[in-house]
Amino acid sequence: MTTTGETARRLPLIGQAVGQAQASLTRLLTGILAESGTSYQVWLGLQRLSAVGGQPARAAYEADLSYWLQLDGPAAARLAGDLVAAGLATSDGDGDGTVTISARGQALREAVLARSAQVTAPILATIDRGDLETTIRTLEQVTRLARETTTTEGNR
């Protein structure tokens, strides 16, 4: 049997590389969050609130938390309630209204993101900007395609 010249190359183990990068960056982030007394889970909830526009309906926000953070319904509701109880968000109803990032929540996001940039800037400065842009586009596409796959398979 003949080949076209090159042996087929195996795809890189992207899951392992992404997982190791995530673990390393999460370790840095949890140290930054500890400075403000914020738990990682509350931070993720605040980030998701921002990602959905900062003012979603409570049910939509809880569904988003459930999907992205792999929480069951009661855990997603608790996390939404924890953000409100901590003053990082406000809610204008008994579970049926909207959830809004508060001024305190926005200030925390800005402070953590600024501190994170201080920590990661020296790391990222050593990496070619084009490579970073390609990596971000690739990860965004992988995320989108994976989400489409889970949605079409009924896993949402």
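The values are calculated or read from the model by the stated rules, or taken from the named source; none is laboratory data. Quick caveat, the model's predicted, so the values are computed rather than measured. Cβ atoms come from the backbone with ideal geometry, glycine included; neighbour counts cover every protein chain shown.
Overview of values
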{"read-out": "Single unsatisfied condition, ASP72 versus (1) within 23 Å of VAL18 (Cβ to Cβ); (2) surrounded by fewer than 13 Cβ atoms within 10 Å (Cβ to Cβ); (3) in contact with a helix residue (DSSP H, G or I) (Cβ under 9 Å, 6 or more places away or on another chain)", "value": "(1)"}
{"read-out": "Within region 4-27, tally of residues that are surrounded by 11 or more Cβ atoms within 10 Å (Cβ to Cβ) and part of a loop (DSSP other than H, G, I, E, B)", "value": "0"}
{"read-out": "Residue in region 35-55 that is of a type in the set (Ser, Thr, Tyr), over 12 Å from the mean Cα position of the chain (by Cα) and in a helix (DSSP H, G or I) present", "value": "yes"}
{"read-out": "Of all residues making up region 83-121, the number that are in contact with a Gly (Cβ under 7 Å, 6 or more places away or on another chain) and either under 15 Å from VAL42 (Cα atoms) or modelled with pLDDT of 95 or more (or both)", "value": "7"}
{"read-out": "Residue ID - nearest to GLY105 (Cα to Cα), chosen from residues in region 42-55 that are touching a helix residue (DSSP H, G or I) at 6+ places or on another chain (Cβ under 7 Å) and not small (Gly, Ala, Ser)", "value": "LEU46"}
{"read-out": "Some residue of region 28-37 being exposed (fewer than 11 other Cβ atoms within 10 Å of the Cβ), out of contact with any helix residue (DSSP H, G or I) (no Cβ under 8 Å at 6 or more places or on another chain), on the phi < 0 side of the Ramachandran plot and not basic (Lys, Arg)", "value": "no"}
{"read-out": "Count of residues meeting criterion [polar (S, T, N, Q), exposed (fewer than 10 other Cβ atoms within 10 Å of the Cβ) and over 26 Å from THR30 (Cα atoms)] in region 107-152", "value": "1"}
